[in-house]
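Notes for the one structure printed next.
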Protein chains: 2
Amino acid sequence: MTDLTTIGEIGLIERIRQATPPPLHSETVQGIGDDAAVFDWGNDYGLLATDMLVEGIHFDLGYVPLKHLGFKAVAVNVSDIAAMNGLPVQLTVSIGLSSRFPVEAVDELYEGIRAACAAYNVDLVGGDTTASRSGLILSISVLGKVPKDLVTYRSTAQPNDVICVTGDLGAAYLGLQLLEREKQVFLADPNMQPNLSEERSYLIQRQLRPDARTDIVHELHDLGIRPTAMIDVSDGLASELLHICRQSGTGAVIFDENIPIDDQTHLAADEFSISPVTAALNGGEDYELLFTVRPQEFDKLANNARITAIGYLTADPKQIILATKAGQQTPIRAQGWENFMK
Amino acid sequence: MTDLTTIGEIGLIERIRQATPPPLHSETVQGIGDDAAVFDWGNDYGLLATDMLVEGIHFDLGYVPLKHLGFKAVAVNVSDIAAMNGLPVQLTVSIGLSSRFPVEAVDELYEGIRAACAAYNVDLVGGDTTASRSGLILSISVLGKVPKDLVTYRSTAQPNDVICVTGDLGAAYLGLQLLEREKQVFLADPNMQPNLSEERSYLIQRQLRPDARTDIVHELHDLGIRPTAMIDVSDGLASELLHICRQSGTGAVIFDENIPIDDQTHLAADEFSISPVTAALNGGEDYELLFTVRPQEFDKLANNARITAIGYLTADPKQIILATKAGQQTPIRAQGWENFMK
């Protein structure tokens, strides 16, 4: 018997992918192996993505309000559709509930789900409700669409492409550290007041209520830009960059000083004695978009404050490198590739 | 605070449905409230259904082989598509796994999933894998299609329609009773040999590895028959008949002697001192199709050994009646409507 930890989550997905036979239906364009499956529905490509969130693994109801959880559960699924350069259309929500949840808790959760559906222009069309022996389970599936000539995979990047990332990275991870610390303080002394001041609000918000970057998808469509590859940053920049490089057969160089990191992230990283670059590389849950564009296309994006160029792809798939200000080059590894967690 | 048990699962779904705003996208034809959501994709209607299975609630790995569980998890989802008179095309599988599961267990589960995908002509196109604190969680979503003029809802039945059911009912429930009894015997004395003889094999198979009735869907399409309403029998005949009647605004009379029940089901029901009709009405998990057709259409089906007429719909929505051989009439209630379980 082989322990799951020996092959890790990525190894498990790869094992499942390899054992899956080729599609029976010609309309199935892309199966396992990207942020969403892709179907040929005539005018557009259809997209289907799904994500499961389990209490005690993905969230702690000790500090996660149910309304925010509902919003986040939708946002992380919509983010998978955005990562294909697509926009969401419909979604289903399945929930497993243990008996400790009252009806009002379900109401709160769905309030957040409906708020996210309104924000991302998605129809809630179904789902399943069931009992659970151990807390809350959420499983969401989302259908989306993308014009055929704009669909963006992980596997189609090329050497010399510019590596771009939206927004900033690492904040969601430091938000989690702050929430975890306050929880420990509270558990030690329930009379303590939480120390989550205004200047931390961005980090907390990034952790509790992340936004899917459908705004960037609209912008790419408007500019007529099809990235050469795209993925959303759910497990950290390192893991996502490795996915693009492995699936495209390229190497990469990224520059640590170019990685966009918010001032609040810097401050909190200092306080927790964490390198902010490490938080960006391995923290995860930022739900920004990591994408690559041909160098000649990048001009159209160069002045966009929401997009930062952090490096470029190279021809040698063995060289995936973080270059530091001091001229040091270190190979990029990803935590998510070894552990079965998250 | 309101306990979930006070509104029940059906009450909870109704509460969610009522709070859901009308669709934003004109292609969303049907949202919450049927076996699958329905989308206008041009030539055909698209269908999306989803089901969550939780260890300790829906299955007991003490006697459910993982391979059968994988098959069943796919079959119950495909059954939802069949209930719309549609056929499945693609599906995603999300699994939550606690650390006690080795890689080989996941292999076995997927062996069953792949077998079902081959049996029902579906492409496995994605999913999610995650850790779980408490056993196995399976969440499957399935996409299907149906010609627009054949889509079948729950809400469009009419008085005088003939009520039909496929296959036979109650066997899955008695299979479960047998498996539960053998488990108790085994727990009391691990040296005991299981008493699951050949003449019980049908009941065990109906519980462990039910079949979705896509064969009936093909037959209905071939005969050019569009049922006036259809639903799959997952929670028991009573519950499903109430759904059709409530959503169509009709009453119903069914005849207990007409309910198709296998000989093995009769024998085992005797042994457990259960009425076989009660097993059919409230047992659930048969995954047969319950549908209604116009009386003049029924002739085309009358000689089909896989389909049984069990009664007819009436105009008074308050009269949903089981008529016994002895001339007694008793109102039909459904367990699933009161309890929050399953």
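Does A:ALA315 meet the test of being more than 20 Å from A:THR166 (Cβ to Cβ) and either open to solvent by less than 20 Å² (accessible area, probe 1.4 Å) or small (Gly, Ala, Ser) (or both)? It is true that A:ALA315 is more than 20 Å from A:THR166 (Cβ to Cβ) and either open to solvent by less than 20 Å² (accessible area, probe 1.4 Å) or small (Gly, Ala, Ser) (or both).
If only residues of the stretch B:122-146 that are modelled with pLDDT of 95 or more and not in a strand (DSSP E or B) are counted, the one that is nearest to the other protein chains (Cβ to nearest Cβ) is B:VAL122. Applying the criterion of being more than 25 Å from A:GLU27 (Cβ to Cβ) and hydroxyl-bearing (Ser, Thr, Tyr) to the residues of the stretch B:108-134, the residue that is most open to solvent (accessible area, probe 1.4 Å) is B:SER134. Residue pairs whose Cβ atoms lie under 9 Å apart, sitting 6 or more positions apart in sequence or on different chains, and linking a residue in the stretch A:104-121 that is in a helix (DSSP H, G or I) to a partner that is aromatic (Phe, Trp, Tyr), are A:LEU109/A:PHE101; A:GLU111/A:PHE71; A:GLY112/A:PHE71; A:ILE113/A:PHE71; A:ALA115/A:PHE71; A:ALA116/A:PHE71; A:ALA119/A:PHE71. Within the stretch A:59-85, how many residues are closer than 19 Å to B:ILE32 by Cα and small (Gly, Ala, Ser)? The number of residues fulfilling the criteria is 2.
Which ones in the stretch B:222-238 are at pLDDT 95 or above and part of a helix (DSSP H, G or I)? Scanning the stretch B:222-238 gives B:LEU237, B:ALA238. Scanning the stretch B:86-102 for residues that are more than 28 Å from B:ASP34 (Cβ to Cβ) and more than 8 Å from chain A (Cβ to nearest Cβ) yields B:SER98, B:ARG100. As an exercise: evaluate A:ASN191 against (1) out of contact with any Pro (no Cβ under 7 Å at 6 or more places or on another chain); (2) in the same structural domain as A:PRO65 (by TED's automatic domain parsing) and give the number of the one condition it does not meet. Unmet for A:ASN191, out of (1) out of contact with any Pro (no Cβ under 7 Å at 6 or more places or on another chain); (2) in the same structural domain as A:PRO65 (by TED's automatic domain parsing): (2). Test A:THR330 against the criterion of being in contact with a Cys (Cβ under 9 Å, 6 or more places away or on another chain), outside any loop (DSSP other than H, G, I, E, B) and either at positive phi or assigned by TED's automatic domain parsing to the domain that holds A:ARG209 (or both), and give yes or no. It is false that A:THR330 is in contact with a Cys (Cβ under 9 Å, 6 or more places away or on another chain), outside any loop (DSSP other than H, G, I, E, B) and either at positive phi or assigned by TED's automatic domain parsing to the domain that holds A:ARG209 (or both). Between a residue in the stretch A:77-99 that is at negative phi and of a type in the set (D, E, K, R) and any residue that is modelled with pLDDT of 95 or more and part of a strand (DSSP E or B), which pairs come within a Cβ distance under 6 Å, given they are 6 or more apart or on different chains? From residues that are at negative phi and of a type in the set (D, E, K, R), the pairs are A:ASP80/A:ALA49. Residues in the stretch B:82-98 that are in a strand (DSSP E or B) and under 17 Å from A:ASP128 (Cβ atoms): B:PRO88, B:LEU91, B:THR92, B:VAL93, B:SER94, B:ILE95, B:GLY96. For the stretch B:284-299, does any single residue satisfy the condition of being open to solvent by 10 Å² or more (accessible area, probe 1.4 Å) and aliphatic (A, V, I, L, M)? No, the stretch B:284-299 contains no residue that is open to solvent by 10 Å² or more (accessible area, probe 1.4 Å) and aliphatic (A, V, I, L, M). Residues in the stretch B:9-28: is at least one surrounded by fewer than 19 Cβ atoms within 10 Å (Cβ to Cβ), basic (Lys, Arg) and out of contact with any His (no Cβ under 9 Å at 6 or more places or on another chain)? Taking every residue of the stretch B:9-28 in turn, at least one turns out to be surrounded by fewer than 19 Cβ atoms within 10 Å (Cβ to Cβ), basic (Lys, Arg) and out of contact with any His (no Cβ under 9 Å at 6 or more places or on another chain).
For the stretch B:1-19, which residues satisfy the criterion of being at the interface with chain A (Cβ under 8 Å from one of its Cβ atoms) and more than 15 Å from A:SER94 (Cα to Cα)? Within the stretch B:1-19, B:MET1, B:THR2, B:ASP3, B:LEU4, B:THR5, B:THR6, B:ILE7, B:ALA19 qualify. Kindly indicate whether any position in the stretch B:303-312 is open to solvent by 50 Å² or more (accessible area, probe 1.4 Å) and under 19 Å from B:ALA83 (Cβ atoms). Yes; the residues of the stretch B:303-312 include at least one that is open to solvent by 50 Å² or more (accessible area, probe 1.4 Å) and under 19 Å from B:ALA83 (Cβ atoms). Tell me, yes or no, whether the stretch B:60-74 has at least one residue that is among the charged types (D, E, K, R) and under 17 Å from B:GLU285 (Cα atoms). Checking the stretch B:60-74: at least one residue is among the charged types (D, E, K, R) and under 17 Å from B:GLU285 (Cα atoms). For the stretch B:228-250, which residues satisfy the criterion of being open to solvent by 10 Å² or more (accessible area, probe 1.4 Å) and closer than 21 Å to B:GLY86 by Cα? Listed by number, the residues that qualify are B:THR228, B:SER234, B:ASP235, B:HIS243, B:GLN247, B:SER248.
Of all residues in the stretch B:2-40, those being of a type in the set (D, E, K, R) and more than 23 Å from the chain's Cα centre (by Cα) number 3. Every condition in (1) in a strand (DSSP E or B); (2) farther than 26 Å from A:GLY112 by Cα; (3) among the hydrophobic types (A, V, I, L, M, F, W, C) is met by A:ALA280 except one, and the failing one is (1).
Restricting attention to the stretch B:135-194, which residues are of a type in the set (S, T, N, Q), open to solvent by less than 10 Å² (accessible area, probe 1.4 Å) and under 19 Å from B:VAL64 (Cβ atoms)? Across the stretch B:135-194, the qualifying residue is only B:SER139. Among the criteria (1) facing chain A (nearest Cβ under 7 Å); (2) surrounded by 23 or more Cβ atoms within 10 Å (Cβ to Cβ), the one B:ALA83 does not fulfil is (1).
Evaluating B:ALA105 against the criteria (1) crowded, with 23+ Cβ neighbours inside 10 Å; (2) aliphatic (A, V, I, L, M); (3) facing chain A (nearest Cβ under 9 Å) leaves one unmet condition, (1).
The single condition among (1) more than 10 Å from chain B (Cβ to nearest Cβ); (2) open to solvent by less than 30 Å² (accessible area, probe 1.4 Å) that A:TYR45 does not meet is (2). Quick check: anything in the stretch A:32-40 assigned to a strand (DSSP E or B), open to solvent by 40 Å² or more (accessible area, probe 1.4 Å) and touching a Gly at 6+ places or on another chain (Cβ under 9 Å)? Within the stretch A:32-40 (the criterion being assigned to a strand (DSSP E or B), open to solvent by 40 Å² or more (accessible area, probe 1.4 Å) and touching a Gly at 6+ places or on another chain (Cβ under 9 Å)), the answer is yes, since at least one residue qualifies. The C-beta contact set for the stretch B:171-187 (first residue touching a residue at least 24 places away in the same chain (Cβ under 8 Å) and closer than 25 Å to B:LEU281 by Cβ, second residue in a helix (DSSP H, G or I) and charged (D, E, K, R), distance under 6 angstrom, 6+ apart or interchain) comprises B:ALA171/B:ARG206; B:ALA172/B:ARG206; B:GLY175/B:ARG206; B:LEU178/B:ARG200. Selection within the stretch A:286-301: residues that are modelled with pLDDT under 95 and part of a loop (DSSP other than H, G, I, E, B). The member of this set that is nearest to A:CYS164 (Cα to Cα) is A:LEU301. Taken over the stretch B:287-327, the residue count meeting the criterion of being without any contact (Cβ under 8 Å) to a residue 24 or more places away in the chain and not hydrophobic (A, V, I, L, M, F, W, C) is 4. Looking across the stretch B:50-66, the residues that are in contact with a strand residue (DSSP E or B) (Cβ under 7 Å, 6 or more places away or on another chain) and facing chain A (nearest Cβ under 7 Å) come down to B:THR50, B:ASP51, B:MET52, B:VAL54, B:ILE57.
The values are calculated or read from the model by the stated rules, or taken from the named source; none is laboratory data. Bear in mind that the values here come from a model prediction, so they are computed numbers and not experimental data. Every residue, glycine among them, receives a Cβ derived from its backbone with ideal geometry; neighbour counts consider all protein chains shown. Calculation scope for accessible area: heavy atoms of the full protein, side chains included, ligands and nucleic acids excluded. Shrake-Rupley method; radii C 1.70, N 1.55, O 1.52, S 1.80 Å.
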